[in-house]
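A short write-up of the structure that comes next.
The values are calculated or read from the model by the stated rules, or taken from the named source; none is laboratory data. Here the structure is a predicted model, which means the values were calculated and not measured. No Cβ is skipped: glycine too gets one built from the backbone with ideal geometry, and neighbour counts run over all protein chains shown.
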Amino acid sequence: MPKIYFLDVTNRDGVQTARLGLSKLEKTLINIYLNEMGVFQSEFGFPTTRHESIYLQANLELAEMGVLHPMRLEGWIRAIASDVESAFKLVPNIRHLNLSISTSDQMIKGKFQGRKTREDIINCMVEAVDAARALGAESIGVNAEDASRTDLDFLIKFGLAAKEHGADRFRYCDTLGYDNPFTIYETIKALAENVGMAIEQHCHGDLGMAVGNSIAGAKGAIDGGQDAYINTTLNGLGERAGNADLVATILAATKSKGFADEYQLAGSVDLSKAWKVAKFASYAFGVPIPINQPGVGSNAFAHESGIHADGVLKDPQNYELYGYEELGRGEPEFVYTGREICAGEYSGISGFSHVMGKIEVSFNNKEEANEVLELVRYANVESQKPLVEDELLFIAKYPQIAKKLLTLTPLG
Ligand SMILES: [Zn+2]
């Protein structure tokens, strides 16, 4: 029986979104949290973007060290052979790639302005797939951008050409959030049956259906005999109205009416990390979690009206589909309001030692403490907000990796 995999794209779609961004250390912590949650793959960045390359290499080093294991780290690039070459030049150890190209007539005409035909699109994509394989890619996904506005026949042709050249997965991008659960189910089922390759669903929320479409698409892939890979982001943040939210999609796949009886997740997903990862993403992006966010919103388990409160007190299942404990919620959150010493870009050694002592980090000597302090200062220059405990612990534990994450060399 084919299975459902989660493939998080926060570190690609999330960060390319207008007004949103993350420091390289924040991106790294997100990878660590996604790995802890049991997410199959993180689309961890852009291997052809120079300021990403050291971060990408450092994360691949963390994977080799076993810190980011067993999650796959995959890079997103355009499906152009020269981009594949640049990716391997900048990040030689990259092993998993998704290659993206527009497939709809709207975009072929509207973006390429008559310079490319449908045939050119397929040729460009297969050349990129061949180049990726030749340069050592272990897994290759091909992304059909704007697939939901592309003729099915052309999508099948595109998918078959990719498969023939050794691609492993077909990413169906509902780039504009145009699909609905009925249309995406039919299209993805047809793709699974006719292309015979695992299908990814990349859904956006412009019509408020990203999670529903992802689940319907996954059903289509599995009914068509193929594994389903659902693209998600943390807190649903992504281009425009956003993507399918990771936590909401896991909840939908495991708790919605009858779905889990027929369709199963690959591996084990640890929902108890949901609260921590959603809170961190909110802090790092500087975007509050909506009060009504599934599972992690502050009202997700709040009851006030007489009938609801009475009902939930008698039996929580009267008004709750799942328990807050499952999502790692329930610990009180205290906001300290007394004297506080923060670690920042202008910190000195005395204040810094105090902060680290509070989280039980001690140093062997003054030199070591000064080194870590210097890294913390640089991390703060990048993030421009106080570092969270896990960031400070990461820097203290992996100073050499942190140094790489903080290294930026423009025009070098
Ligand atoms: Zn997207």
Do you know which of the residues in region 111-166 that are in contact with a Phe, Trp or Tyr (Cβ under 9 Å, 6 or more places away or on another chain) and touching a residue at least 60 places away in the same chain (Cβ under 8 Å) is surrounded by the most Cβ atoms within 10 Å (Cβ to Cβ)?
Val142
Are any of the residues in region 29-36 within 16 Å of the ligand (Cβ to nearest atom) and buried (at least 21 other Cβ atoms within 10 Å of the Cβ)?
no
Pairs returned, first residue in region 368-397 that is closer than 17 Å to Lys276 by Cα and outside any helix (DSSP H, G or I), second residue that is polar (S, T, N, Q) and modelled with pLDDT of 95 or more, beta-carbon separation under 7 angstrom, 6 or more apart or interchain, are none
Away from the ligand (no atom under 16 Å from the Cβ), over 22 Å from Leu97 (Cα atoms) and part of a loop (DSSP other than H, G, I, E, B): is that true of Lys257 in this structure?
yes
Could you give me the residue pairs with C-beta distances under 8 Å whose first residue belongs to region 172-192 and is surrounded by fewer than 24 Cβ atoms within 10 Å (Cβ to Cβ), whose second residue is assigned to a helix (DSSP H, G or I) and of a type in the set (Val, Ile, Thr) wherever it lies, and which are 6+ apart or on separate chains?
Pro181/Ile215; Ala190/Ile156
Test for Asn98: is it of a type outside the set (A, V, I, L, M) and either crowded, with 24+ Cβ neighbours inside 10 Å or without any contact (Cβ under 8 Å) to a residue 12 or more places away in the chain (or both)
yes
In region 218-239, what residues are touching a Ser or Thr at 6+ places or on another chain (Cβ under 8 Å) and either surrounded by 22 or more Cβ atoms within 10 Å (Cβ to Cβ) or on the phi > 0 side of the Ramachandran plot (or both)?
Gly220, Ile230, Asn231, Thr232, Thr233, Leu234, Asn235, Gly238
Look at region 173-198 and say how many of its residues are within 16 Å of the ligand (Cβ to nearest atom) and at negative phi.
7
Flag for Glu26 being closer than 20 Å to Glu85 by Cα, at pLDDT 95 or above and in a helix (DSSP H, G or I):
no
Given the residues Gly267, Gly311, which is the only one that is more than 16 Å from the ligand (Cβ to nearest atom) and outside any loop (DSSP other than H, G, I, E, B)?
Gly311
Ser23, sole failed condition from (1) within 16 Å of the ligand (Cβ to nearest atom); (2) among the polar types (S, T, N, Q); (3) over 24 Å from Ile199 (Cβ atoms):
(1)
Can you say whether Ser42 is touching a strand residue (DSSP E or B) at 6+ places or on another chain (Cβ under 8 Å), of a type in the set (S, T, N, Q), within 16 Å of the ligand (Cβ to nearest atom) and without any contact (Cβ under 8 Å) to a residue 60 or more places away in the chain, as far as the supplied structure shows?
yes
Scanning region 285-340 for residues that are of a type in the set (Phe, Trp, Tyr) and exposed (fewer than 13 other Cβ atoms within 10 Å of the Cβ), which turns out nearest to Gly351 (Cα to Cα)?
Tyr336
State which residue is nearest to Ala218 (Cα to Cα) when the search covers only region 242-254 and only residues that are outside any strand (DSSP E or B) and within 13 Å of the chain's Cα centre (by Cα).
Thr249
Checked against (1) exposed (fewer than 11 other Cβ atoms within 10 Å of the Cβ); (2) part of a loop (DSSP other than H, G, I, E, B), Ser350 satisfies every condition except (2)
Condition first: farther than 25 Å from Leu191 by Cα and away from the ligand (no atom under 13 Å from the Cβ). Now tell me which residues in region 219-241 satisfy that.
Leu234, Asn235
Within region 196-217, residues being part of a helix (DSSP H, G or I) and surrounded by fewer than 22 Cβ atoms within 10 Å (Cβ to Cβ) number 1
